[in-house]
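Before any comments, here is the structure.
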Amino acid sequence: MTNSIDDVTQESDLIMLVGSNPEEAHPVIGMQIRAAVERGCKLIVVDPRDIGLTAYADIRIKLKPGTNVAYANGIMHVLIKEGLIDKDYIADRTQGIDELAKIVEDCTPARTAAICDIDERDLIAAAKLYAAAPRAAIVYCLGVTEHSTGTDGVMSLSNIAMATGNLGKRGGGVNPLRGQNNVQGACDMGAGPDDFPGYQKVANPKVLAKFEQAWGTKLSAVKGIKATECFPAMTEGKIKALFMFGEDPVRTDPDTHHVIEALKSLEFFAVVDLFMTETAKYADVILPGRSFAEKEGTFSNTERRVQRVRKAVDIEGDTLPDSEIFIEIMNRMGYKQPALTPAEVMGEIASLTPSYGGVSHARLDSEELDGRGLQWPCPDANHPGTPVLHMNGFTKGKGEFAVPVYQPSAELPDAEYPLVLSTGRVLSQYNAQAMTGRVSGLNEIEGSSFIEINSKDAANLGIEDGECVSVSSRRGSIKSVARVSEKTKPGQTWMPFHFQDGNSNWLTIAALDSIAKAPEFKVCAIKVEKLV
Amino acid sequence: MVKLSIAPKSHADAQLTEYLETYARRIQATPPGMCPLALQLTLLQASAAQTCGKCVPCRDGLPQLAALFEKVVACQADESTLTQIKELARMVKGSSDCAIGYEAARSLLESMNTFAGEYSSHINNKVCTQDIEQTVPCETLCPAHVDIPSYIALVGEGDYAGAVNMVRKDNPFPTACAYVCEHPCESKCRRTLIDAPLNIRGIKRYAVDEAPVDTVPIPKRNPDTGRKIAVIGGGPSGLTCAYFLAQMGHAVTVFEAHKQIGGMLRYGIPAYRFPRERLDEDIQAILAVGGIEVKCEVTVDARQMKEIAETYDAVFVSIGAHVGKPLNIPGSDSKGVYSAVELLSTIGDGNYPDFTGKRVVVVGGGNVAMDCARTAVRSGAKSVGIVYRRRKEDMTALAAEVESAIAEGIDMILLAAPVSIETDEQGNCKALHMQPQLIGPVKGGRPTPVDANKDQVRIPADIVLMAVGQDIVTQPFEEYGMQAHRGAFVADEYLKAQGLENVFVGGDCQTRPATAIKAIAAGKVAARNIDEYLGYRHKLTCDVVSPEPHANDRTPMGRVDLIERPAHIRKNDFEDVELGMSLEEVKQECARCLRCDHYGCGEQEGGRVQYV
Amino acid sequence: MSNIKLTIDGKTLEVVKGTTILAAAQMADIKIPTLCFLKDRSAIGSCRVCVVEVEGMEYPLPACKTVARDGMVVTTSSERLTTYRRIALDLIVSNLSEEAWKVDEASSAADTNNNQLQTLCQEYGIETASFKTAAPPKPKYDSNPFLSFDPNLCIRCQRCVGACNSAARNHTLRTGKKGTRTTISAPFGKNWKSTECESCGNCAQACPTGAIKAKVKLNYQPGEVQTTRTTCPFCGVGCQIDLKTKDGKLVDVEGANGPANKGLLCVKGRYGSYNFVDSNDRIRTPLIKNKQTGEFEVASWDEALTLVTSRLSDIKKQHGGDSIAAFACSRSTNEDVYLFQKMARTVFETNNVDNCARV
């Protein structure tokens, strides 16, 4: 998030919520957004499916899945055409508006509305309402990123914020809600092929040299590939070994068949995990991991806030702290990695990562911070952290407008697979249920697979609410239970991906975004049949 | 020797009479949302306390009933308790020696029908029905649910523009309501428990006099939504609807049959009660929102209505009730007999009648009758009388209006039913003949008059004004497809016209002639529901915050009433009859407010009727 | 924001305009007893335990909701205040069965953790209820898997109502009426599934008597547990939680006043964040797959690590570092992830390192 949770929920005059259902996926933010709306903050909900917050929305844009870029470019078109852009801000702080203007010139409301299957008046109204708000925040989630055009989706939303001067402003910003407790931190820490910690580029020779010097070893300058690209590479034999630390791609990655085939192709597969997951079953060796309650460290939340994780218990058994496992492996493979406490590791992180420069366990535990953590960038020990990014300009000088162009999703419905499937989360479950599936009450609230289908489609297929159905795509077929409602539009369906009794990932497509390589969980073509 | 005493028989009676006034005020201030069975219990307990102790049914039956009923109230009773109560109550009703007993039992039995749903909920669900929840009295009883405690506090702090905008959040007619609102908000004001209800309307009048609403900037309107809504009828309901829809960003076209908009505020209420220029302030402010187009002198017929419904995204029909009901008696078509509403309507466009030297008789007992009679006085009439079938206390006009009319020299000819109008050879009205009435049995809560065994009475009259009710012109709209029942349009509680997709209807034409504030409330509800129907839920800004309350001042203090100009002066002109409060008065009156939004139920969840 | 000055118990304080007497007192470390008040949840002033004397006022005012005004002179204890507070507590407990509020070591309601009513009764020496009313016991609502409501323990302070409506903004837990009596309509009855209740349990955390209770937490006394402040392991909001451990086992979790969550939690964080930790099916030793049987077999750390490092070294030698990929865990700590990618880059000699950010 460019801004903070408090900032968005307490300072904004308007929130444009795109592809995000915070009441279920980020419930405590959902609660605060409800509070914001009740205090009078305007709300635009852009989502193919009626979410709980839709009912609260000033304007509801129920667009076709996979058309976020078209929507955002359409908004941009209106902003430019109606003179609603912040000319001073654009002149002072950005570049590339003319190229963007050219790109969106064709994105007229009529064309956009046709692509998105919405009323063009609502598009115009949304653009104007957003522009009229003194402080307007964009909040988005996986509904934007989990598309083959996800990066464009994000950039096209950033364009809107930047063109209206809402970047680098309290109550504004572009705010992705990160799905997992430390996905922000994992990215910050360099768990990505292109980046060392703090998004220092592997491709930059100076950066490479810096880390080589710090770590005292030669490092590879060869470009790495992203996790989602690894599965085809495994199948092709390019990747022969996988060391995996706590993931369950058999359940959570798209197109389960291709994941299993990839894992089976490996020569060696090691897993660190707490449980015998579906994925761990394919491993050659499993090392027991430790949970958050058994270790010291930090998580970085969605608002870039580094907060402490503290050890509360030891569990019985022969387990080692995860960090010790990695240190041991490094030493055994010939790298002299001294044994460091988590606090000492943070010291090393701070010394090599400018944005974490002022972060230390001692500081996070101090009375000065009173448990409030530190929001990076926090370059030095006296820096209070940064609740809102870009307040005094962009890091790279001028903010560059991207020029995203709408492209349809990779797989569109056809005669054989006439319906579109999007997947998502429900309130009471979390991802592959490794944690939540072990709480019977949570399963009692929502514990098995279902598919939401529009009542018109259901009527055509002779399916009643609560009936068992088979759901198939080109990649697989599962059983599920139909929930018939108006929550999705005709032609569109929705499933949670948590449940192994009918896991939607047998159906989803491993089509990847060209830049971020996020899979297109939100659009694939399926058919639904009544089970007799 | 027997000595007689002039002291009361019971030494407490004298004090008791004073004390009863406290009791009466408590009953008057019964908070809205209270459980009716809890109230019924207090009535039963009061009845049991009143027993003289002589007869079994009353002396022993009422306390037993109260004890049993306590269980019903506490939701601890079952069907058998109810059966026992019924049996006992029937016996008490049937065999009590005096009214203290039988009347108590009768009202208890009656409540079982009146509040059948509440009884059932207590017995079966063991809780009150869901709508039993106390809320802030003034705000709840205001049909538009204006945040009254907040605007009183703002006036108390001297922020009159703030007060105007606080009213406007729910009601774009602050001035109209400052002058002519029937102020249901005052009826259960909690201050009544201490002394008397606040003069809420008077306080509002101070605010709009100090900060004329057309000078108070309106919160910024939302950008255009591209949706078009038609409002048929530019009265308080239609204009309120237009105001809120325009605030939301919709484009509104108001179709008005008259020359000017304002509806009954212009064509029904005389200027001496609500000066025209003050109405114009409200209207100017409403139109200043932007996005409202007004088309006057357009009478929408069935064909046009169809066209409008097809071209606009939604329609709000608020045509009011502008046609006078006729009184079909012999001679009612003679020259000099007019419909009251039509007379007032003509005045609305500035055409005052000349009744110089004429003897005027007005038939009817409502506010329209008072307005006509007082207008006749101001139009030079030699004498003005009001003929009414019932008694003065049965009149539907506000008591203050009746009093003012009497003060201006208008005769109240009561218990007299018009029978015929006598005419001369030219067909001019000469006199009204009336049958004296005897007030009779109570039906539907009101005593009904019946013909008295007396001779007819004749009063000379050059002009007879009929103010016996108003009709709604539903016919063209029915032809289009709207439903009407007994002369009024049919809609659900969300004001959606029965059987139609995008047509909403409200105000007098749906409720039958009622008050301005009810029409305003309907306009607001329609606007919100039209917005929702179009797929939006726009939140509107108010730009004012409610001031922090001070601790209650519990010292009893008289209520500041508004006074009127002397009758002998005011009856000669159409100037405003009423005088506003002074600063000293308004400050004192505001300080009496108990801030029920903050103290008592107002602060708990569900205690308010507010939304953004 | 302008400041105002007031005096509490002789201390002169300067506070921001709009501060309540209670908040001002707390800043100055002056203790005013409270019961129905809960910061950021409910300040309806229903219990009247926090009443204070204000100079110039005939009657005392509730400190929790009275905004301090410039020049106010407040006294927080007096004979009258003590009497009023005592009577208020007496009236409250007179509606309850004794085990709900009486301090009794063996009491069955001992699991009403942190029973604030008990504490106050002790402080004000309430030993017997003077206004005892005999009310029949009321049925419990306990169909929700996580939450139960026992009306017999409820003092109708409405802190739960505040938690649900003013904080979680879920608007499902409301008050109801039984004639003149206010009741709490807790959506935990038989029809719990058809309500909009999100089972977030913020109401239970707000309850001062244990009338609304989280079912899954184990019984403990406040003194028996240790509290560890940490960060919730679910989504990216970063709620701060207090893990409660008793004898080395996790027994409860409470929402802490973190910057992102302000004391709130969701159903997962509250009920799903600790039960899995010591779950029976945790893998507690290294496991190596027997190639013949396909079954995993228990191994020592040395065996397992030797296998890992030798196989990876072999593959690296044969096919180069880029034939290895390493996926990190986006649930794990920054420190772990840092070491993980360092491991991949230094000894696997590849940049094929990633995390599950995309799925």
**OP:** Give a quick list of trypsin sites (Lys or Arg not before Pro) in the range C:287-359 that DSSP marks as loop, anything other than H, G, I, E or B, with at most 15 other Cβ atoms within 10 Å.
**Re:** C:291
**OP:** List the residues whose amide H sits under 5 Å from the amide H of residue A:242, counting only those 5 or more places along or on another chain, with H placed 1.01 Å from N in the peptide plane.
**Re:** A:268, A:269, A:270, C:325
**OP:** Among DSSP beta bridges lying fully in the protein assembly as shown, give the percent that are antiparallel, nearest 5.
**Re:** 55
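Run through the range B:197-291 and list the trypsin sites (Lys or Arg not before Pro) located in a DSSP loop whose Cβ has at most 16 other Cβ atoms within 10 Å. Working shown, then result.
Details: sites: B:201, B:204, B:205, B:220, B:221, B:227, B:228, B:259, B:266, B:273, B:276, B:278; in loops: B:220, B:221, B:227, B:259, B:273.
Sparse-neighbourhood loop trypsin sites (Lys or Arg not before Pro): B:220, B:259.
For chain A, what does the relative contact order come out to in percent, with C-alpha contacts under 8 Å and a separation of six or more?
17
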Subject >> Positive-end residue of B:279, B:599, B:299, charge dipole of the protein assembly as shown with Cβ unit charges >> reply: B:599
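Work out the length of the dipole vector of the protein assembly as shown about its Cα centre, built from +1 on the beta-carbon of each Lys and Arg and -1 on the beta-carbon of each Asp and Glu, and round it to the nearest 20 debye.
Numbers: 166 positive and 187 negative charges, 303 e Å.
Dipole magnitude for the protein assembly as shown comes out near 1460 debye.
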Original post:
For chain B, which DSSP H helices look membrane-span-like by this rule: Cα extent along the axis of 15 Å or more and mean Kyte-Doolittle of at least 0.5?
Top reply: B:36-50, B:62-73, B:236-248
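Taking the number of other C-beta atoms within 10 Å as the exposure measure, put C:119, B:225 in order starting with the fewest.
On the way: C:119 16, B:225 29.
Fewest-to-most Cβ neighbours within 10 Å comes out as C:119, B:225.
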Subject >> Whole-Hz ³J(HN,Hα) from phi, Karplus 6.51 cos²θ - 1.76 cosθ + 1.60, for the range A:526-532, glycine and proline x >> reply: 9, 10, 10, 10, 6, 8, 10
**OP:** Can you tell me the FRET efficiency between residue A:236 and residue C:306 if r is taken as the Cβ-Cβ distance and R0 is 35 Å, rounded to the nearest 0.05?
**Re:** 0.75
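Once you have the Cα-Cα distance between residue B:56 and residue B:454, take 0.36 nm times their residue separation minus that, and quote the gain in nm to one decimal.
Details: separation 398, 0.36 × 398 = 143.28 nm, distance 4.53 nm.
Separation in residues times 0.36 nm, less the Cα-Cα distance, equals 138.8 nm.
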Subject >> Cα lying deepest toward the dipole's positive end in the range B:140-287, options B:192, B:158, B:230, charges on Cβ >> reply: B:230
Original post:
Where does the longest stretch of chain B lie that holds no GluC sites (Glu not before Pro) found in a DSSP loop with 15 or fewer other Cβ atoms within 10 Å?
Top reply: B:1-156
Original post:
Using modelled amide H (1.01 Å from N, peptide plane; none on Pro or chain starts), what sits under 5 Å from the amide H of residue A:225, excluding residues fewer than 5 places away?
Top reply: C:352, C:353
**OP:** Could you line up B:11, B:145 from fewest to most neighbouring Cβ atoms inside 10 Å?
**Re:** B:11, B:145
**OP:** Quick one: go through the range A:45-67 and flag any residue whose amide nitrogen is under 19 Å from the point 7 Å out along the Cα-to-Cβ line of residue A:114.
**Re:** A:63-67
**OP:** Taking H placed 1.01 Å from N in the peptide plane, check which residues at least 5 places from residue A:406 or on another chain put their amide H under 5 Å from its amide H.
**Re:** none
Subject >> Cα-based reach from residue C:193 at 17 Å (exclusive), listing lysines while leaving out same-chain residues under 8 positions away >> reply: C:140, C:215, C:268
Subject >> Rough spin-label spacing in nm, given labels placed 7 Å along Cα→Cβ, for residue B:356 and residue A:264 >> reply: 11.1
Original post:
Using just the C-alpha positions of chain C as equal point scatterers, what log10 of I(q)/I(0) does the Debye formula give at each q in 0.11, 0.13, 0.14 1/Å?
Top reply: -0.88, -1.10, -1.22
Subject >> Whole-Hz ³J(HN,Hα) from phi, Karplus 6.51 cos²θ - 1.76 cosθ + 1.60, for the range B:452-466, glycine and proline x >> reply: 8, 7, 9, 6, 4, 10, 10, 10, x, 8, 8, 10, 10, 10, 8
Subject >> Above-threshold pairs, the threshold being 20 Å between Cα atoms, out of B:524/B:587; A:487/A:517; A:64/B:539; A:218/C:317; A:295/C:246 >> reply: B:524/B:587; A:487/A:517; A:64/B:539
Original post:
Of A:62/B:518; B:71/B:93; B:335/B:571, which sit over 28 Å apart, Cα to Cα?
Top reply: A:62/B:518
Original post:
Rounded, prolate or oblate: which fits the range C:217-282 when a ≥ b ≥ c are the square roots of the eigenvalues of the alpha-carbon gyration tensor, with rounded for a/c under 1.5 and prolate only if a/b beats b/c?
Top reply: oblate
Subject >> In Hz, Karplus ³J(HN,Hα) per residue of the range A:421-435 (6.51, -1.76, 1.60; θ = phi - 60°; x = Gly, Pro) >> reply: 10, 10, 10, x, 10, 10, 4, 8, 10, 9, 6, 7, 6, 4, 9
Original post:
From the square roots a ≥ b ≥ c of the eigenvalues of the alpha-carbon gyration tensor of the range C:136-215, which class results: rounded (a/c under 1.5), prolate (a/b over b/c), or oblate?
Top reply: rounded
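Counting only DSSP beta bridges with both residues in chain B, what percent are antiparallel, rounded to the nearest 5?
Details: 24 of 56 bridges.
Percentage antiparallel, nearest 5: 45.
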Original post:
What does the charge dipole of the range B:251-350 about its Cα centre add up to, to the nearest 20 debye, if the Cβ of each Lys and Arg holds +1 and the Cβ of each Asp and Glu holds -1?
Top reply: 380
Subject >> Positive-end residue, the range C:287-358 charge dipole about Cα centroid, Cβ charges, pick of C:294, C:309, C:327 >> reply: C:327
Original post:
So what is the 222 nm mean residue ellipticity for chain B from helices alone, if each DSSP H run of at least 4 adds -39500 (n - 2.57) and you divide by all residues, rounding to the nearest 500 deg cm²/dmol?
Top reply: -11000 deg cm²/dmol
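Are there chymotrypsin sites (Phe, Trp or Tyr not before Pro) in the range B:528-583 that DSSP marks as loop and that have at most 15 other Cβ atoms within 10 Å, and which are they?
On the way: sites: B:533, B:536, B:574; in loops: B:574.
Here no loop site has a sparse enough neighbourhood.
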Original post:
Where does the longest stretch of chain A lie that holds no trypsin sites (Lys or Arg not before Pro) found in a DSSP loop with 10 or fewer other Cβ atoms within 10 Å?
Top reply: A:1-217
Original post:
What is the magnitude of the charge dipole of the range C:3-77 about its Cα centre, with +1 placed on the Cβ of each Lys and Arg, -1 on the Cβ of each Asp and Glu, and no other charges, expressed in debye to the nearest 20?
Top reply: 260
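Laboratory data are not the source of any read-out in this text; all were calculated from the coordinates shown. Quick caveat: nothing in here was measured; it's all calculated off a predicted structure. FYI the Cβ positions are ideal-geometry reconstructions off the backbone, even for glycines, and counts take in every protein chain you see.
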